[in-house]
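Here the structure is laid out as structure tokens; the discussion comes afterwards.
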Amino acid sequence: MNLRDLKYLVALADLRHFGKAAEACFVSQPTLSTQIRKLEEELGVTLIERAPRKVMLTAAGQDVVQRARRIVAEVDEMKEAARRSRDPESGTLRLGVFPTLGPYLLPHVVPQLRERFPQLELRLVEEKSDVLLQRLREGKLDAALLALPIHDDQLHTEFLFEEPFLLAVPETHPLARRDALALAELSNQQLLLLEDGHCLREQALDVCRLSGADEKPEFRATSLETLRQMVAADVGITLLPTLAVKPPVARSDNIHLLGFTDSHPSRRIAMLWRKSSAMHGFLLSLAEVFKQLPQDLFSPLPDADTRGKRKPHTTANPA
């Protein structure tokens, strides 16, 4: 048994196709197939169920693949540790970020990362949170930006910042005459939410449970931008993260934003990586760049509506 054969097995488990797995491993299909059979013979079990046009893992195969992933990841981290010891701030970093955060946070932080780590090649992966967590555990990502809480004893959690939510309503909505409201005033309101799988959906549902609001049942958006456009089209109201209304995001016509005067709903963002990672020291330095972002980036724009027009000063707390 050797590391190469374990990599072949992992590739086949991921792609479920001998030809595609061989291509990903830069070998011929017969070579990959032969090595998988040799691995099965060495272990004395069948790992792959071979059916016409279909590749499936047996129960034993699933267990072996899970162990093989850990072995491959450990070897990769050992190599990375050796390389990082020579030059800790260069090389490639695979950083995951979820879709309702990445487009709004990265324009503010990537320039600082490039300035602080000029030799670093940053590879960004945008996926839903559960996919990012799985890839992080499997060693396919070096770190990921995720919303707390995350419960995993194998992962290090480095808190970065707290991002408040704002209520977005159409200009024709009765609440558009207000600058702020108490959370309880959402009671009996129906909110537009994202589809299943988005962590922002779960965060918004938490706010609904606290306030007595409900989900608008006949509509679920596939993206935050769809939610924004539906509010502008007077379909309903929703919660938006503060970064999603900050420049360079284009201002949305027909949308009015409100803060909260009492309870301040928000999401807590952290950077997570494996505790066994050889990049631990470097990732702590990387996280500091996120922590040093200006605090006003996470506060609603003072005394301004979504179209950027100045409004008279009010005493309402804009959250």
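The values are calculated or read from the model by the stated rules, or taken from the named source; none is laboratory data. The shown structure was predicted, so the numbers you read here are calculated from the model rather than taken from an experiment. Note: accessible area is taken over every heavy atom of the protein model, side chains too, but ligands, DNA and RNA are not part of it. Shrake-Rupley method; radii C 1.70, N 1.55, O 1.52, S 1.80 Å.
Quick one: which residues, 5+ away or cross-chain, put their amide H under 5 Å from the amide H of His156? H built at 1.01 Å from N.
Excluding prolines and chain starts, which carry no amide H, the hits are Trp273, Arg274, Lys275.
Give the lysines whose C-alpha is closer than 29 Å to that of Lys140, dropping any in the same chain fewer than 8 places away, or say none.
The reachable lysines, counting only those whose Cα sits under 29 Å from Lys140, are Lys7, Lys20, Lys38, Lys54, Lys79, Lys128, Lys275, Lys291.
In Å², and per residue, what accessible area does the chain have when probed at 1.4 Å with the other protein chains present? Could you put the intermediate results ahead of the total?
On the way: 16120 Å² over 319 residues.
Value returned for the chain: 51 Å² of accessible area per residue.
Computing the accessible area with a 1.4 Å probe over protein heavy atoms, can you report the carbon and sulfur percentage for the chain?
Working: 8180 of 16120 Å².
Roughly 51 percent, rounded to a whole number.
Would you work out if the chain is rounded, prolate or oblate? Take a ≥ b ≥ c from the square roots of the eigenvalues of the alpha-carbon gyration tensor; rounded if a/c is under 1.5, else prolate when a/b is larger than b/c, oblate otherwise.
Details: a/c = 2.88, a/b = 1.91, b/c = 1.51.
Prolate, since a/c reaches 1.5 and a/b exceeds b/c.
Mean separation of Cα pairs under 8 Å and 6+ residues apart, divided by the residue count of the chain: what relative contact order is that in percent?
On the way: 511 pairs, mean separation 63.4, N = 319.
Once normalised by length, the contact order is 20 percent.
Per the helix-only calculation at 222 nm, which mean residue ellipticity applies to the chain, given -39500 (n - 2.57) for every DSSP H run of n ≥ 4 and division by its residues, nearest 500 deg cm²/dmol? Intermediate results must be reported in sequence, preceding the final value.
On the way: 9 runs with 121 residues, N = 319.
Helix-only estimate at 222 nm: -12000 deg cm²/dmol.
Separation of the stretch 113-164 and the stretch 211-247 by C-alpha centroid, Å?
About 25 Å separates the Cα centre of the stretch 113-164 from the one of the stretch 211-247.
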